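Student: I'd like to ask some things about the structure below.
The values are calculated or read from the model by the stated rules, or taken from the named source; none is laboratory data. Not measured: the values here are computed from a predicted model. A quick note on method: Cβ atoms are made from the backbone with ideal geometry, for glycine too, and the neighbour counts reach across all protein chains shown. Ligands, DNA and RNA are excluded from the accessible area calculation, which covers all protein heavy atoms including side chains. Shrake-Rupley method; radii C 1.70, N 1.55, O 1.52, S 1.80 Å.
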Amino acid sequence: MKITLHATPDITPRPLIAEVILETGALLNIDRADVKPKGGEVVIDVPQDECERVVAAFKKRGATITCLKQPIIKDDDECINCGACISVCPTGVISFRDDWSVQMDLDKCVQCGACVTMCPHGALTVGK
């Protein structure tokens with residue numbers, strides 16, 4: 001499962017992710033990070049069976065966490081299966097099926113938004 005850690009100025013100087021790994025023993029993978037001294041966000045891949053404990057450990061330290069249930073949402077009525085989104089996806093989330101329709105493997109998504117920007121029909125949106 002993927003979560004977003006919303007970094008605020010009061011928590012950015014702390015080794016928050018390292019503390020949570022040490023406390024929980026969970027193996028966390030940082031999929032995407034954009035953090036500056038004034039804040040930002042980190043998308044973290046958390047093992048499904050460890051998610052509840054990891055989220056609780058972050059919250060105990062004052063962090064705001066959002067669980068990413070569906071990182072990218074595709075409007076099938078708007079999508080024309082042009083494939084413009086495929087070439088810009090850095091993690092290979094989007095591909096063509098045998099019938100040339102667009103398919104998505106959302107487990108790989110890091111919510112970078114590149115596909116959303118590229119879509120000429122506005123068929124893709126970043127989930128919350």
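Student: Considering only segment 18-46, how many residues are without any contact (Cβ under 8 Å) to a residue 40 or more places away in the chain and either open to solvent by 40 Å² or more (accessible area, probe 1.4 Å) or of a type in the set (Ser, Thr, Tyr) (or both)? Steps first, please.
Tutor: If we filter segment 18-46 for residues that are without any contact (Cβ under 8 Å) to a residue 40 or more places away in the chain, which is where we start, we get 18, 21-30, 33-42.
Subsequent filtering for residues that are either open to solvent by 40 Å² or more (accessible area, probe 1.4 Å) or of a type in the set (Ser, Thr, Tyr) (or both) retains 18, 21-25, 27, 29-30, 33-38, 41.
Selection size over segment 18-46: 16.
Student: OK, next. Please pick out the residue among Lys59, Lys69 that is among the basic types (Lys, Arg), open to solvent by 20 Å² or more (accessible area, probe 1.4 Å) and without any contact (Cβ under 8 Å) to a residue 12 or more places away in the chain. Give the derivation first.
Tutor: On the way: Lys69 fails: without any contact (Cβ under 8 Å) to a residue 12 or more places away in the chain.
Result of the check over Lys59, Lys69: Lys59.
Student: Can you find a residue that is buried (at least 17 other Cβ atoms within 10 Å of the Cβ), in contact with a Ser or Thr (Cβ under 6 Å, 6 or more places away or on another chain) and in a helix (DSSP H, G or I) anywhere in segment 100-114?
Tutor: No, the conditions are met nowhere in segment 100-114.
Student: May I ask you to say which residue of Ile80, Ile65 is assigned to a loop (DSSP other than H, G, I, E, B) and among the β-branched types (Val, Ile, Thr)? If you could, list the steps in order and put the result at the bottom.
Tutor: Working: Ile65 fails: assigned to a loop (DSSP other than H, G, I, E, B).
Answer to the selection: Ile80.
Student: Among the residues of segment 2-17, count how many are farther than 16 Å from Glu50 by Cβ, assigned to a strand (DSSP E or B) and open to solvent by less than 40 Å² (accessible area, probe 1.4 Å).
Tutor: Result for segment 2-17: 2.
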